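The values are calculated or read from the model by the stated rules, or taken from the named source; none is laboratory data. This structure is a prediction, so every number in the text was calculated from the model and none was measured. Note: ideal-geometry Cβ built from the backbone for every residue, glycine included; neighbour counts use all protein chains shown.
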Amino acid sequence: GAAGCAGDDEALYQTEPSSVGVAATLARLGLPLSRLKTGTPPRLDGRTIRWGDPSLTPQPSEDPPTLLSYSNALRGRPIAPGVVTCFMAHTSDETLRVVRQHAGELPEYRGDGPRYCPSIGAKVEQFPQAKHHQVWLEPEGLDTHLVYPNGISGAYPPAV
């Protein structure tokens, strides 16, 4: 592959804490609890990605950026000390083979609506003729090596 998973220590240090306190509070109030489907993929260690690989297509930030708030437009100073470039990649034949091989291990979920992001398993099932699927490599910030692989969510067991 083009990348490796981030080490546990770095990933734990830089990710958000779980919401067990919120769940406990809701339970004390007698509210029903259930789990949400996320299937968020592990972050990648950007130091293991071959950023110059010709199969990666750069998707640079806008210059100048389009601001979504008038209050930002009135600040008169740069938004950040720098910008990051995302890259478009694609799944490989091996990725699709693994997804198909482990399809029976995923929870059944059919989402809809504007916030629904289909898992890689759903994409492979819905578009079996596709030779590959897009994956967006999104650096998580200016001061971290963590990269979010957007487009390959799936609630696979850790061994997969």
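Quick notes
- Residue within region 76-86 that is more than 24 Å from His145 (Cβ to Cβ) and at pLDDT below 70 present: yes
- Total residues in region 118-160 satisfying the condition of being more than 16 Å from Asp45 (Cβ to Cβ) and of a type in the set (Ser, Thr, Tyr): the figure is 3.
- Of all residues in region 48-70, those that are under 25 Å from His133 (Cβ atoms) and in contact (Cβ under 8 Å) with a residue 40 or more places away in the chain have Cβ atoms under 9 Å from Cβ atoms of residues that are hydroxyl-bearing (Ser, Thr, Tyr) and part of a loop (DSSP other than H, G, I, E, B), 6 or more apart or on another chain, in Gln59/Thr85.
- Residue among Glu94, Glu16, Glu108 that is within 26 Å of Val147 (Cβ to Cβ), of a type in the set (D, E, K, R) and modelled with pLDDT under 85: Glu16
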